[in-house]
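Input: a single structure, listed below in structure tokens.
Readers should treat all values here as calculations from the given coordinates under stated rules, not as data from a laboratory. Here the structure is a predicted model, which means the values were calculated and not measured. In this analysis, Cβ positions are derived from the backbone assuming ideal geometry, glycine residues included, and neighbour counts consider all displayed protein chains.
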Amino acid sequence: MATTRAQPDFRTRLQDWLPRIVLSPSIAMMFVFVYGFIVFTIYLSFTDSRMLPSYDWVGIENYVRLWGLRAWWTAVINLGIFASLYIVICTAIGLSLAIFLDQKIRGEGLLRPIYLYPMALSFIVTGTAWKWIMDPGIGIENTMHLWGWESFEFRWIKDRDMAIYTVVIAAVWQTSGFVMAMFLAGLRGIDNEMLKAAQIDGASNWNLYRRIVIPLLRPAFLSAFVILAHLAIKSYDLIVALTGGGPGRATELPATFMYSYTFTRNSMGIGAASAVIMLMSIAAIMTPYLYAELREKK
Amino acid sequence: MGFLDIRNATKAYGNVEVLHRVDIAVEEGEFLVLVGPSGCGKSTLLNMIAGLETVTSGDIAIQGRVINNVHPSKRNIAMVFQSYALYPNMTVAQNITFGLEMHGVPKAERARALEDVAQLLQIDHLLDRKPGQLSGGQRQRVAMGRALVRDPDVFLFDEPLSNLDAKLRVDMRTEIKKLHQKLGRTIVYVTHDQIEAMTLSTRIAVMYGGHVQQLGTPKDIYDAPENVFVATFMGSPAMNVMPAKVRVADGVPHAALADAEGQEVLLRFSQPHLAAWDGRDILLGIRPEAITDPDGADRNSSNIEPLRNRIGVTEPAGADTFVTMTLGGKDAIGRMRADAQVAAGEMFDFAINMEKAIAFDPQTEARIKP
Amino acid sequence: MSVATQDTAVRTGRVTRTFIYVFLLLFALFYLMPLFVMLANSLKPLSEITEGNMMALPKVWTLEPWAKAWSSAQIGVEPTGLRPYFLNSILMVVPAVAISTVLGALNGYVLTKWRFRGDSILFGLLLFSCFIPFQIVLIPMAMVLGKLGLAGSIPGLVLVHVVYGIGFTTLYFRNYYAAFPTELVRAAMIDGAGFFQIFWRIMLPVSGPIAVVSVIWQFTNIWNDFLFGASFGGQSQPMTVALNNLVQSSTGVKEYNVHFAGAILAALPTLLVYIVAGRYFVRGLMAGSVKG
């Protein structure tokens, strides 16, 4: 028997390359439309682009001007108020609903979809609904007056100082049910025998949750935080539909700021700079989280 | 040159070499079992033969044709997987004939091959079911049917019985052996179960740490293990290995070691070449069945040594009674007849079949040969 | 929902339970209230809203606002109603969902069953791209769509949604296929099946559940998108942009009832999907929190 050495045939070699060939369109799109565009926008943020992109390098001038703008500071401060309230309230409501719903509640199957359906709606729809519900002329204030509570006043949406809180209300309405679902999944994943053991050890319900259950929900807290924070930074549609950024500029967020400076105020360089700052803040939250999640999986 | 040749086959992931220069020539019709603990490289080697893992260096050849670069489907091999890997969306019949279909075998021929295999494995009545509707043993049969129908040069089995319960495993083991005897095909079989290796194989390769520790017939491996690893891995309960010294008395080498009370006892070796180790430390290996009650001792042995020692624990196991004692500072197990009169804590007269005793070099852990 | 119906072992007293039920019911009212307001007021004549109580049921029931929102309301400058925009949304959503789901399935298949050096880095980059604020790509995207001649067109919007949807669909299929035994793929390889044959004959037949999740997720996201529609919609604006134009128009009387009817029309497709396939929708949301 003589030894022959078989060479890979064409089909075998093609099979070796097919996976990469199949993946390549998506990867190419990603590199162009995501990372290429990011690089391009970062580049624009260092140019004097106004109505149209220009390629004249001006260094960090746009960033200096951006941080000197009252409107940008308003947007950043609004985001700070909105994001912190939104995250805290959503988490609190979501966790409470999840814990209560986990107590062998009759009608749980009916309540869960009621809590969750707002997530299926567009922020534009949510904004439209709440815009009129909170409108002093036809909304809650009017209703309370008609029900006999003459002194009731609720006109935050028209109030420069309070309007940002109406955004929080609408946003919480839309997403808190989803946070509930995340916590509920976490609760259902906890080993029942451990809870029984804690009760035999004499833990009260309050201590059971405070000392055992809630610490075990750490991953759900983390996921909820990351998702909510990233939604908050990206919030755009809700502002447009609910307040249009007003009254005045009182409810501008970075996302609406970027849009108006880039496309209506002909300051593309500054718009690009604000987009870069938004990207950086999201990257600061997402990267460690994704990194940890992907590592864990291996 | 064998039918299936593994020549200097090496596997490395980056800088980590997991399989070191493996050399095995498998003859046509042989049943080779690769056995070893998990992580020893046995599955990697099997996957290399199948073409599911690349060969870093060295060659794998079937009938003299080096197939390192040949696609798995063109090596003319078939494989039975640990999880059976039955396609959940296809019926049993479709599962079995999928490979033939992919190889462009005409429908009529496929139907004939299916019928033959189904009859051979007695799964005729299952052909229209989906894998999800089958029991573990039935799935196992279907997985074998899928391999058999291809009529390959080499069958590869990757721990095929490890997902079955104990009783079924024994039945299927017999079944596989029968199939091999009937069909006479070349088989490479991976398992971590040394009993499967002993019962099924015509030859065994014991693997550990990416090396083939010993390649030989089941009897070779059992009676003349190359080193302490092979000696203790093969056989259940494992071979007793105790530190001892060689002492030559009356020109005959003896093993000197401490009994349960710390008193030195001498056990005469049957191997004269151990005289060269006079005064040196060795590891003494004695299988449990070589430590018995005097009436249970092997009558054909030319060298039964008496040993009086204190019994630690007795474990009646039905057919035998196992006795644990301290010997050479270690726990040693002896295998008594079921009705031997033994009780924990008592002194007992054991009979040791020193003809089967093996001495290992404590430095290299290799068997000391003449 | 994907969670098991297993209750905790916690015991609660009568008072606590009453409190829990009250709390849960109050929140149910909170979540239902806007839907009620939208529905009730979309069935009233305008005068009943401006002069009456928003929380009251209609005294005179009318479908007029719905008809107007659908076919004759002023959107921008044209009194076309929402109908043409609804059609735009459908024409945009269907191909975008189909393409991104198919690509996601193939990507997930490659990334789990045909792994190669550097694949997890590529996946990480793909995953991160799901979460970028889209403001960072708006300017170059507008330029590229213009260069390609796709600005303001349905194909342009389809392209945008496919590009920024692939990350999520790939994530879904990758996580799903990761749990699919690789031995099956190896068995099929030995049986002689090629890359596409394995995908078609072995993987796809068991991909139903995750395909549903991916389709629902993409459908909801793309249907509900506003930013891309407003930026690149041009002559082909989707439903959300049209609704916003309807509501924000500063001319004439504010026809709240028509606005509410329009909002429900815009919400109807995703709400229907939610009602029909709610548990898949939730599964998608949960997987959207990176993993399931």
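Please give every one of the lysines within straight-line cross-link reach of C:K68, meaning a C-alpha to C-alpha distance under 19 Å, and leave out same-chain neighbours fewer than 8 residues apart.
The reachable lysines, counting only those whose Cα sits under 19 Å from C:K68, are C:K44, C:K254.
Give the residue list of trypsin sites (Lys or Arg not before Pro) in the stretch C:7-75 that are DSSP loop and have at most 14 other beta-carbon atoms within 10 angstrom.
Hits after loop and neighbour filter: C:R11, C:K59.
Given contacts defined as C-alpha pairs under 8 Å and at least six residues apart, what's the relative contact order of chain B, whole-number percent?
It rounds to 15 percent for chain B.
Hey, got the dipole for the stretch B:4-233? About the Cα centre, +1 on K and R Cβ, -1 on D and E Cβ, debye to the nearest 20?
My answer is approximately 500 debye.
Tell me, what ³J(HN,Hα) does each residue in the stretch B:177-189 have, in order and in whole Hz, if you take phi through Karplus 6.51 cos²θ - 1.76 cosθ + 1.60 with θ = phi - 60° and put x for Gly and Pro?
Each residue of the stretch B:177-189 in turn: 4, 4, 4, 5, 5, 6, 9, x, 8, 7, 10, 10, 10 Hz.
State the antiparallel share, in %, of DSSP beta bridges confined to the stretch B:4-233, rounding to the nearest 5.
Numbers: 19 of 37 bridges.
In the stretch B:4-233, approximately 50 percent of DSSP beta bridges are antiparallel ones.
In nm, to one decimal, how far is the A:S54 label point from the B:Q119 one, both placed 7 Å along Cα→Cβ?
8.9 nm
Among B:V206, C:G146, C:I121, pick out the residue whose Cα is farthest towards the positive end of the charge dipole of the protein assembly as shown, where Lys and Arg carry +1 and Asp and Glu carry -1 on C-beta, about the Cα centre.
The residue sitting most towards the positive pole is C:G146.
Distance cut-off 27 Å, Cα to Cα: go down the list B:K74/B:K107; B:K11/B:K219; B:K167/B:K330 and report the pairs above it. Working shown, then result.
On the way: B:K74/B:K107 20 Å; B:K11/B:K219 30 Å; B:K167/B:K330 34 Å.
Beyond 27 Å: B:K11/B:K219; B:K167/B:K330.
Explain nothing, just the number: dipole magnitude of the protein assembly as shown about its Cα centre with +1 on each Lys and Arg Cβ and -1 on each Asp and Glu Cβ, in debye rounded to the nearest 20.
Here the protein assembly as shown has a charge dipole of around 2180 debye.
Which FRET efficiency value, to the nearest 0.05, do you get for C:Q197 and C:Q248 by plugging their Cβ-Cβ distance into 1/(1 + (r/R0)^6) with R0 = 45 Å?
0.25
For a quick check, take a GNM of chain C with Cα springs below 10 Å and name the residue from C:A193, C:A261, C:A67 with the largest mean-square fluctuation.
For chain C, modelled as a Gaussian network with Cα springs under 10 Å, the answer is C:A193.
What is the magnitude of the charge dipole of the stretch A:40-167 about its Cα centre, with +1 placed on the Cβ of each Lys and Arg, -1 on the Cβ of each Asp and Glu, and no other charges, expressed in debye to the nearest 20?
Charge dipole of the stretch A:40-167: 200 debye, to the nearest 20.
Find which of A:A28, A:A163, C:A242 sits farthest along the positive direction of the dipole of the protein assembly as shown, computed with +1 on the beta-carbon of Lys and Arg, -1 on that of Asp and Glu, about the Cα centre.
C:A242
Where in the stretch C:78-115 does the amide nitrogen come within less than 13 Å of the point 7 Å from the Cα of C:A178, taken along Cα to Cβ?
C:108-109, C:111-113
Can you tell me, using C-alpha contacts under 8 Å and at least 6 residues apart, the relative contact order of chain C as a whole percent?
This gives 29 percent for chain C.
In degrees from 0 to 90, rounded to the nearest 10, what is the angle of the helix C:83-113 Cα long axis to the longest principal axis of chain C?
Computed tilt is about 20 degrees.
Say the dipole of the protein assembly as shown comes from +1 at the beta carbon of Lys and Arg and -1 at that of Asp and Glu; which of B:L86, A:A224, C:L103 then lies farthest toward its positive end?
The one lying farthest along the dipole's positive direction is C:L103.
If neighbour count is taken as other Cβ atoms inside 10 Å, put B:H20, B:H273, B:H192 in order from fewest to most.
On the way: B:H20 15, B:H273 12, B:H192 18.
Ascending Cβ contact count within 10 Å gives the list B:H273, B:H20, B:H192.
Between A:I190, A:I87, A:I285, find the one with the highest GNM mean-square fluctuation for chain A; connect C-alpha pairs within less than 10 Å.
A:I190
Peptide C:112-121: average number of partner chain Cβ atoms within 10 Å per residue?
If you average over the peptide's residues, the count of other-chain Cβ atoms is 2.
Cut-off 10 angstrom, C-alpha nodes, Gaussian network model of chain A. Which of A:L231, A:L146, A:L217 fluctuates the most?
Result: A:L146 has the largest fluctuation of those listed.
Pull up the cross-link candidates among the lysines for A:K196, meaning alpha carbon to alpha carbon under 19 Å and not fewer than 8 places away within one chain.
A:K104
Spelling out what I want: for every residue of the stretch B:329-338, take phi, set θ = phi - 60°, compute 6.51 cos²θ - 1.76 cosθ + 1.60 (Karplus), and round to whole Hz; glycine and proline get x.
x, 10, 6, 10, 10, x, 10, 9, 5, 4
Residue by residue through the stretch A:181-191, which ³J(HN,Hα) values in whole Hz follow from phi under the Karplus form 6.51 cos²θ - 1.76 cosθ + 1.60 (θ = phi - 60°), with glycine and proline marked x?
Values per residue, Gly and Pro as x: 4, 5, 5, 4, 4, x, 4, 5, x, 7, 5 Hz.
So what's the gap between the Cα centers of the stretch B:330-349 and the stretch B:2-25, to the nearest angstrom?
Cα centres, the stretch B:330-349 to the stretch B:2-25: 45 Å.
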